[in-house]
Amino acid sequence: EELEPPRRIRALHQDVVNKIAAGEIIVAPVHALKELIENAVDAGSTSLEILVKDGGLKLLQITDNGHGIDKEDLPILCERFTTSKLKAFEDLTSIGTYGFRGEALASISHIAHLTVTTKTPESSCAWKAHYAGGKLAPAKPGQSADPKACAGRQGTQIAVEDLFYNVPTRRRAFRSASEEYAKILDLVGRYAVHCSGVAFSCKKHGESGAGLAIPSNASTIDRIRLVHNSAVANDLIQFGAANEQYGFKSEGLVSSANHSAKRTTLLLFINHRSVESSAIKKAIEHTYSTFLPKGGHPFVYLSLEIDPARVDVNVHPTKREVNFLNEEEIIEIICDEIRTRLGKVDTSRTFLTQC
Ligand code: ADP
Ligand code: MG
């Protein structure tokens, strides 16, 4: 048998590299939206309005009232690794904002049609720009790619249209727009509970009512009432735990032993970023197991702040996972605290009902 000669190794075209990288960060519309929400919150916004068409595949639009983007920055806004939030690698250890490496908008511009309209307080008008493949692009072929002056409110509106239009295999993988919309509502609900002082609305295009509407002055309990339901909102216990040695503090609202749901709801924020942690979820479920009837599950909103120097946010481009030091110890302190509070409420209620 004759061996074929080895195939030559060639560098991929930069466009292909960018598209692959983008597809890794943004798997579904909800991942693009998370980046946009985090950017809007980073910009100091007190109002976020979200509009969704076709589960976010046709349109994802987010309008904020934050500090806006300087017109001079528009040409590089969507280039990879352009950011106003990080200068040196060392900054990764002390970063207080959600974003950190300027990849989100770049990624989106490689797999969707992106339009940015923005106005800073200093500017007398708003500026509108279109992007494709990381660069300014004309709105229509033949037109200029330069940002155009237009009327607009203070803040930024980002419209992401036709997500995955140039990644047909990914586009085809989405079976149901309502499934994607449900994921979007879930995410918006999480940030709406966590971001006090910020108004949120989320609407499906063409529907008159909002899927979710939270006024800026709503308390955290009211936010939970609006996003989830009154039954759980009326049955919450506030808790807090901190430890200097492990460099963390935490606070949150958890359901009492009187509340029992079919599934656990865990709204988990680490340094103000919505994340998932099966270790924390397991430990919390275990803590509740002695308080709830068999098959019963809790509602837990937990905000964990950990000394940024002890957190590694750079584990995965999606930032859905974070690693931190003394994870086991920290989880144990939090669960001990929840257990103590549950015990207190539980006995008083039992006592009352027995009388
Ligand atoms: P990162 O958030 O990591 O910096 P992004 O690609 O998400 O990277 O955003 C790039 C930059 O664009 C941000 O650093 C910020 O300066 C600016 N930006 C993005 N979205 C907004 C917004 N809604 N309001 C103001 N500035 C924004
Ligand atoms: Mg960002």
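Computed from the coordinates by the stated procedures, all read-outs in this text should not be read as laboratory data. Since the structure is predicted, the reported quantities are computational estimates derived from the model, not experimental observations. Cβ: placed from backbone, ideal geometry, glycine included. Neighbour counts: every protein chain shown.
Where does the charge balance sit around Pro75 when Lys and Arg score +1, Asp and Glu -1, over other residues with C-beta under 10 Å from its C-beta? With Lys, Arg at +1 and Asp, Glu at -1, the net is -2. Every helix of 4 or more DSSP H residues in the chain counts as -39500 (n - 2.57), and over all residues that averages to -9500 deg cm²/dmol at 222 nm. Rg and Dmax of the range 127-282, both derived from C-alpha coordinates alone, stand at 20.6, 65 Å. Remark: His272, His110 ranked as His272, His110, counting other beta-carbon atoms within 10 Å and listing the fewest first.
Using the Cβ of Phe174 as centre and a radius below 13 Å, the other residues enclosed give a net charge of +2, where K and R count +1 and D and E count -1.
Calculated on C-alpha atoms, the gyration radius of the range 14-214 divided by its Kirkwood radius gives an Rg/Rh of 0.94. Note that the range 200-325, at 25 °C in a medium of 0.890 mPa s, gets a Stokes-Einstein diffusion coefficient of 151 µm²/s from its Kirkwood radius over C-alpha pairs.
Listed by chain and number, the lysines placed with their C-alpha closer than 16 angstrom to that of Lys128 are Lys71, Lys119, Lys140, Lys148; residues fewer than eight positions away on the same chain are left out. For the chain, the fraction of C-alpha pairs more than 30 angstrom apart is 44%. For the range 96-186, the convex hull spanned by the alpha carbon atoms encloses 153 Å³ per residue. The chymotrypsin sites (Phe, Trp or Tyr not before Pro) of the range 129-168 that meet both conditions, a loop assignment by DSSP and at most 14 other Cβ atoms within 10 Å of the site Cβ, are Tyr165.
Cβ crowding within 10 Å ranks Leu253, Leu74 as Leu74, Leu253, fewest other Cβ atoms first. May I ask for the net charge around Ala112, where only other residues with Cβ less than 9 Å from the Cβ of Ala112 are counted and Lys, Arg are +1 while Asp, Glu are -1? Around Ala112, the charge tally is -2. A straight line joining the Cα centroids of the range 113-188 and the range 235-272 runs 36 Å.
For the range 155-264, the relative contact order comes to 14 percent (Cα pairs under 8 Å, sequence separation of at least 6).
Note on the chain: with charges restricted to the Cβ of Lys and Arg (+1) and Asp and Glu (-1), its dipole about the Cα centre is near 1100 debye.
Inter-part distance, the range 1-47 to the range 216-234, computed on C-alpha centroids, equals 36 Å.
Couplings 3J(HN,Hα) of the range 61-66, computed from phi: 10, 10, 10, 10, 10, x Hz, in residue order, whole Hz [Karplus 6.51 cos²θ - 1.76 cosθ + 1.60, θ = phi - 60°; x for Gly and Pro].
Scattering from the range 135-191 was approximated by placing one identical point on each alpha carbon and applying the Debye formula without solvent; log10 I(q)/I(0) at 0.13, 0.22 1/Å stands at -0.63, -1.02.
Comparing Leu302, Ile284, Thr117 along the charge dipole axis of the chain, the residue lying farthest to the positive side is Thr117, per the Cβ-charge model.
Taking all Cα pairs closer than 8 Å and separated by 6 or more residues, the relative contact order of the chain comes to 15 percent.
Once the Cα atoms are used to define both axes, helix 14-25 deviates from the longest principal axis of the chain by about 10 degrees.
The order of Glu72, Glu179, going from fewest to most other C-beta atoms within 10 Å of their C-beta, is Glu72, Glu179. Principal-axis analysis of the Cα atoms of the chain puts helix 327-354 at an angle of about 50° to the longest axis.
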